[in-house]
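Chemist: The structure is given below, and queries will be raised subsequently.
The values are calculated or read from the model by the stated rules, or taken from the named source; none is laboratory data. Note that the structure is a prediction, hence the values are computed from the model and not measured. In this analysis, Cβ positions are derived from the backbone assuming ideal geometry, glycine residues included, and neighbour counts consider all displayed protein chains.
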Amino acid sequence: MKAAIYKGIGKIEVSEIKKPENDDESAIVKINTVGICGTDLKTFKRGHPMFKPPCILGHEFVGTVEEVGKKLNENLIGKTFVIAPYLECGKCDLCLKEKPEHCKNKVWVEGAMTEYLKVPKELMLRGAIEIPENVDEKTATLTEPLACAIHGIERINPRSGEKLLIIGAGPMGLLLAITLRNRGCQVTIVEINDARLNIIKGNGFEAIDAKEISIPSLIENRGKFDHAILATDASSVVSDLLESINPGGKLQLFGGMPKEIRLEIDPYYIHYKEIDLIGSFGFSERHFKTAFDEIANNVSSYSKLVTEEMDLNEIEKAFLTAMKPENIKVVVKVSNIA
């Protein structure tokens, strides 16, 4: 079978590899479509400690079950699913403390940029959602990143009608924005790139050009926000964001930052204004299922985020395309490969 092999920084190409053999506790899934995510792009651009070359990337995928082991129902064969790339165990101390996103014993599958993937039984039983007719496969690949966004939104727990400021209009920033809007929140997005600013407007959001208006100027003219989300790694704006939030609000650091980054903040806002500085990482089984329901009920809202679809044979071009700011989400069509 063919697979896209990551061979080091800036190097990814299609090669022939051996098709995985099934066992009693797994399924062989023929991959149809896989999304290129931010982690894939970071790995391609500068490497990643979790993904040592040569390896296969990709974890936002839709596929059709071709084989099942003895411990799985044969009725799964021939059905098409979006499948969670990992799930919590439900048994470790962090799961029992209702922190499943930080489970110590997650069941994982990685490497969906290939024709066939061996998926563990646990993911097929708890993390596989059959695709209904009203949801196209391209949009279904957004389920995993949307699950992460929903976890972040739940950590803020905004009320309908509250005003939120989002910094950054990448895939995650826009997933957050659309979902917040669907829940009745007022969303303003700050972005510096002209192409992304046009995308913000095209999706019906208020766009603030960071080249022209600073966060302090925005607050001076418009007033403060109830909450703010930093959906990039722009650590330099954290102090300004703390000042932009109403008392009792939350500032969420959603975008990952390099480990060496250190923040300087004024504790006045945390102590006297009771602003919570919080993070967000990953998702749980519940978030994954909630995310798919959100997509199924709002397909037209989310489908606009898939801006390019390319074949697996064009994998390097697909990665380079995904790095261009005029593209939000690039998906790779594996089932078209010759």
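Chemist: Out of region 308-329, which residues are part of a strand (DSSP E or B) and in contact (Cβ under 8 Å) with a residue 60 or more places away in the chain?
Modeler: Selection gives GLU309, LYS329.
Chemist: While we're looking at this one, here's another question. Looking only at strands (runs of 3 or more DSSP E) that fall completely inside region 17-130, which ones have 1 or more residues that are among the hydroxyl-bearing types (Ser, Thr, Tyr) and either closer than 19 Å to VAL334 by Cβ or touching a helix residue (DSSP H, G or I) at 6+ places or on another chain (Cβ under 6 Å) (or both)?
Modeler: Counting at least 1 such residues, we get 26-35, 60-68, 80-83, 116-120.
Chemist: In the set ARG183, ARG159, ARG222, which member is over 20 Å from MET323 (Cα atoms), surrounded by fewer than 20 Cβ atoms within 10 Å (Cβ to Cβ) and at pLDDT below 95?
Modeler: ARG222
Chemist: Next question. Among (1) more than 20 Å from LEU277 (Cβ to Cβ); (2) touching a residue at least 24 places away in the same chain (Cβ under 8 Å); (3) not in a helix (DSSP H, G or I), which single condition is LEU174 missing?
Modeler: (3)
Chemist: How many residues are of a type in the set (A, V, I, L, M, F, W, C), out of contact with any Ser or Thr (no Cβ under 7 Å at 6 or more places or on another chain) and over 16 Å from GLU154 (Cα atoms) if we restrict to region 271-309?
Modeler: 3
Chemist: Return the residues of region 183-196 that are part of a helix (DSSP H, G or I) and out of contact with any Asp or Glu (no Cβ under 7 Å at 6 or more places or on another chain); say none if nothing qualifies.
Modeler: ASP194, ARG196
Chemist: Given the condition at pLDDT below 95 and on the phi > 0 side of the Ramachandran plot, answer yes or no: does some residue in region 40-62 qualify?
Modeler: yes
Chemist: Also, quick follow-up: Among the residues of region 137-146, is any at pLDDT 95 or above, out of contact with any Pro (no Cβ under 8 Å at 6 or more places or on another chain) and surrounded by fewer than 19 Cβ atoms within 10 Å (Cβ to Cβ)?
Modeler: no
Chemist: When you scan region 197-296 for strands (runs of 3 or more DSSP E) that lie fully inside it, which ones turn up with 1 or more residues that are out of contact with any Phe, Trp or Tyr (no Cβ under 6 Å at 6 or more places or on another chain) and over 27 Å from LEU96 (Cα atoms)?
Modeler: Where strands (runs of 3 or more DSSP E) fall fully within region 197-296 and carry at least 1 residues being out of contact with any Phe, Trp or Tyr (no Cβ under 6 Å at 6 or more places or on another chain) and over 27 Å from LEU96 (Cα atoms), they are 206-209, 225-230, 245-253.
Chemist: Here are GLU88, GLU66, GLU60: which of them is among the acidic types (Asp, Glu) and either farther than 20 Å from LEU146 by Cβ or over 22 Å from the mean Cα position of the chain (by Cα) (or both)?
Modeler: Of the residues listed, the single one that is among the acidic types (Asp, Glu) and either farther than 20 Å from LEU146 by Cβ or over 22 Å from the mean Cα position of the chain (by Cα) (or both) is GLU66.
Chemist: Residues to consider are ALA140, ALA210, ALA147; find the one that is touching a strand residue (DSSP E or B) at 6+ places or on another chain (Cβ under 7 Å) and within 30 Å of VAL29 (Cα to Cα).
Modeler: ALA140
Chemist: On the basis of being surrounded by 23 or more Cβ atoms within 10 Å (Cβ to Cβ), hydroxyl-bearing (Ser, Thr, Tyr), out of contact with any Ser or Thr (no Cβ under 7 Å at 6 or more places or on another chain) and over 15 Å from SER284 (Cα atoms), does THR114 make the cut?
Modeler: Here the answer is yes, as THR114 does meet what is asked.
Chemist: What's the total number of residues in region 225-261 that are modelled with pLDDT under 95, touching a Leu at 6+ places or on another chain (Cβ under 9 Å) and of a type in the set (Lys, Arg)?
Modeler: The total comes to 0.
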